[in-house]
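Just so it is clear, none of the values below were taken in a lab; they were calculated from the coordinates. Computed from a predicted structure; not experimentally measured. Counting neighbours? That spans all protein chains shown, and the Cβs are built from the backbone with ideal geometry, glycine included.
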Amino acid sequence: MRPLLVAAVLALLATPAAAQTQPLDPAIAKRIDRILKRTPLIDGHNDLPGELREKYGSRVDNLASGTDKLEKPLMTDIARLHAGRVGGQFWSVYIPASVTGAEAIQMTIEQIDLTRRMIDAYPKDLQLALTADDIVRAHRKGRVASLIGMEGAHQIGDSMAALRRFHDLGVRYMTLTHTKTNTVADSGTDEPQHQGLSPFGQEVVKEMNRLGMLVDLSHVSPETAIAAIQLSRAPVIFSHSNAKSIADHPRNVPADVLRQLAFNRGVVMVNFYPVFLSEQVRQWNANRAGEEARLKSLYPDGASKVAEGLETWDAANPRPAMDVSLVADHIERLAASTSYDNVGIGGDLDGVPFTAAGLEGVDDYPRLFAELIRRGWSDRNLAKLAGGNLLRVMRQAEAVSRSMKDVPPSMAVLEVEKTAP
């Protein structure tokens, strides 16, 4: 394991003001270090590959340190991964939900290639992981176990063959939808078409079970989530979602789905995006979007005027402040609604425009653990949150896959509804 100085472990204290400036008490830092040496901290969702594509032309040679100081800052780099005690990371190979068919397959392959090149570029720091045991082995070597997650079933282009080949390339979870309803399932932020899973989507879930690929339900509608949980033979995950009872956003998980999840023994991995964490920030964001739409209608060809108008609006309507304590609130609410066995962390870093104060980068995870320690969490439950629960889910999914070794690969195809000429 890579040695870590206690001074490198920073955490928020009880009050928001102190949180931004003061390091954690050395005794708490040592406790966090001890927990995360025994159990890898596994984050369920990081969008760094997409940011590298958009901001840096898919380059992977700029991550050694200090990406927060780059001209186009990032929330993730190698040095900060180690400082944050990250032991495992699911890298998202996201593509827009509007991209479908063969183009989606090609773009996904390009994103997987970017991610694999990134892992290969830092062999002393990152290590490809395909199984739970791979994560443990990488963690023992002081490396960040690197896994791949696809963010939307649109990425398989309606092809079971593509799903299988993506698994061969290292993909270990697939989110059933992103922001748009697709041929597999209904999204939580789009009009429903299937009342949950489509018939083809049911076959996709079964094939994912056969492969040992985790079924990810972030972004899906409640009906989709319940249908997938009831169908899946393996535990499911929400790779980056929060509690709907605290913030009423369609991306968050409602109580009836949480009850189903507890029986399934799956995991909800809490993210750090204030729009999903705070009802106040959610409303502020909706109002801002309305103002942006108004400005665009006034200035359809005036991007600079729209930007100036938004800057004026922001000055008059500052975003409500929130910090790590609200992230802890979501974790505790989810644990109370399910159990300590059903919670995890999926920060959504480099995939959101801003985060909870104090959780701005991958070096900040210890601050969250410090807040939970302040609330009385035991070492055992902190270890479950960090990565123990996700490791269990992966091992159960791998066991289900082994039990289905005699099941032939699915040859299901999408049946397009025919209309009269």
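Numbers at a glance
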| quantity | calculated |
| --- | --- |
| Counted charge near Leu74, where neighbours are those whose Cβ lies closer than 9 Å (Asp, Glu -1; Lys, Arg +1) | -2 |
| Alpha carbon centroid spacing (whole Å) that separates segment 92-132 from segment 245-282 | 26 Å |
| Zone residues, segment 217-233, relative to Arg402, backbone N less than 17 Å from point 7 Å out along Cα-to-Cβ | none |
| Ranked Ser325, Ser239, Ser198, criterion: other C-beta atoms within 10 Å, fewest first | Ser325, Ser198, Ser239 |
| Fewest-first ranking of Trp377, Trp313, Trp91, using other Cβ atoms within 10 Å as the exposure measure | Trp313, Trp377, Trp91 |
| Cβ crowding within 10 Å averaged over residues, with 175-182, 47-54, 30-37 ranked highest first | 175-182, 47-54, 30-37 |
| Cα centroid separation - segment 204-240 against segment 359-406, whole Å | 18 Å |
| Local electrostatic count, Pro192, Cβ distance below 13 Å [Lys/Arg +1, Asp/Glu -1] | -3 |
| Volume of the Cα convex hull of segment 279-321, divided per residue and given in Å³ | 54 Å³ |
| Fewest-first ranking of Ser245, Ser187, using other Cβ atoms within 10 Å as the exposure measure | Ser245, Ser187 |
| 222 nm mean residue ellipticity, helices alone, for the chain (DSSP H n ≥ 4; -39,500 (n - 2.57); rounded to 500) | -13500 deg cm²/dmol |
| Helical segments meeting 24 Å axial Cα length and Kyte-Doolittle -1.0 threshold in the chain (DSSP H) | 101-121 |
